[in-house]
Amino acid sequence: MKYFFQLIFFTILGLATAAHAEIQTQEIEYTQNGTTLKGYLAYDSAIKGKRPGILVVHEWWGHNEHARNRARMLAKIGYTALAVDMYGNGKLADHPKKAGEFLNAAFKDWATSQARFNKAREVLQSHKTVDAERIGAIGFCFGGAVSIRMARGGADLDGVVAFHSSLPLEPAITNMKASLLVINGSQDGFLKPETVGSFSSQMMTGNVDFTYMNLSGVKHSFTNKQADEFNKKFNIPSLQYNKQADERSWLAMREFFQRVFNQ
């Protein structure tokens, strides 16, 4: 009988915990200059009142499940998150060559990319659960570079976290409002040490609230569980998922946003 009541207790406790977190997700279409952009919103409806909003900017592959999963993960820890579409019409690359073409086009036409990022921010800010004065962004690979470049240009963001990201050295830092956390692996084959040095020097000279985490022995794309699959399929040895690095970087992100948003 004792064990029966224990089972009932833990069952009720489990149901209460599940009821507490009510993650809502929604496909959102919005337009910028005539192009349809396909976003993905996630938030916890059990939380009362408004909370910070965070944009999630995808890797060079496009708006995929990795970005959507991160939006859900952010919702579970109390944020409203919008996984954005930087390529338009939800375009996805199925090969690194195509991904590179998408990436290069996005940076070549930076005015359009900037407008798409800003439009996504407006969509996020207008959501009923979001405190429009507290907005951040996270990005992975291409998405990290986009988020950093937006911050360098003075985008109205409180904080940016870039995971396994390239480090854009432009535009010049003139009015950077966002605090910045960059988390990269020491064995990221897409990143040159001298670039890290130049970028860090610029942040210091620009008096930016900036932290750089260098994860020893970690390769590129360490947060993406498909990285090993892409490594084998496309022969890109620099790609490797790393569970420990993934969890460690996510914890660092959580602590960063708690500080930035004064939570």
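Values in this text are rule-based calculations from the coordinates and carry no lab data. Computed from a predicted structure; not experimentally measured. Here the Cβ is made from the backbone with ideal geometry for all residues, glycine too, and neighbour counts use every protein chain on show.
Among the residues of the stretch 58-89, write down those that are in contact with a Gly (Cβ under 6 Å, 6 or more places away or on another chain) and of a type in the set (Ser, Thr, Tyr).
Hits for the stretch 58-89 are THR80, TYR87.
Would you mind finding the one in SER238, SER249, SER221 that is in contact with a Ser or Thr (Cβ under 7 Å, 6 or more places away or on another chain), among the hydroxyl-bearing types (Ser, Thr, Tyr) and touching a residue at least 24 places away in the same chain (Cβ under 8 Å)?
Only one candidate passes the filter, namely SER249.
Which residue pairs have Cβ atoms closer than 6 Å, lie 6 or more positions apart in sequence or on different chains, and pair a first residue in the stretch 165-187 that is touching a residue at least 12 places away in the same chain (Cβ under 8 Å) and surrounded by 22 or more Cβ atoms within 10 Å (Cβ to Cβ) with a second residue that is assigned to a loop (DSSP other than H, G, I, E, B) and of a type in the set (Phe, Trp, Tyr)?
Short answer, once both residue conditions are applied: GLY185/PHE222.
Looking at the stretch 29-109, what strands (runs of 3 or more DSSP E) fall wholly within it and have at least 3 residues that are free of Cβ contacts under 8 Å to residues at least 60 places away in the same chain? Break it down stepwise before answering.
Details: elements: 35-44, 51-57, 80-83.
Hits in the stretch 29-109: 35-44, 80-83.
Being in contact with a Leu (Cβ under 9 Å, 6 or more places away or on another chain), free of Cβ contacts under 8 Å to residues at least 40 places away in the same chain, among the β-branched types (Val, Ile, Thr) and not in a strand (DSSP E or B): is that true of VAL160 here?
When the stated conditions are applied, VAL160 does not pass them.
Go through the stretch 199-214 and give me each residue that's over 18 Å from the mean Cα position of the chain (by Cα) and either exposed (fewer than 13 other Cβ atoms within 10 Å of the Cβ) or among the hydrophobic types (A, V, I, L, M, F, W, C) (or both).
PHE199, SER201, MET203, MET204, THR205, ASN207, VAL208
Just checking, does the stretch 117-129 include any residue being without any contact (Cβ under 8 Å) to a residue 60 or more places away in the chain, under 14 Å from LEU37 (Cβ atoms) and touching a helix residue (DSSP H, G or I) at 6+ places or on another chain (Cβ under 9 Å)?
Taking every residue of the stretch 117-129 in turn, at least one turns out to be without any contact (Cβ under 8 Å) to a residue 60 or more places away in the chain, under 14 Å from LEU37 (Cβ atoms) and touching a helix residue (DSSP H, G or I) at 6+ places or on another chain (Cβ under 9 Å).
Considering only residues that are free of Cβ contacts under 8 Å to residues at least 60 places away in the same chain and on the phi > 0 side of the Ramachandran plot, which ones fall in the stretch 135-157?
Selection gives GLY154 alone.
Can you spot a residue in the stretch 161-175 that is touching a His at 6+ places or on another chain (Cβ under 7 Å) and under 20 Å from GLU59 (Cα atoms)?
Pass one, the stretch 161-175, residues touching a His at 6+ places or on another chain (Cβ under 7 Å): 164.
Remaining after also requiring under 20 Å from GLU59 (Cα atoms): 164.
Looking through the stretch 161-175, at least one residue is touching a His at 6+ places or on another chain (Cβ under 7 Å) and under 20 Å from GLU59 (Cα atoms).
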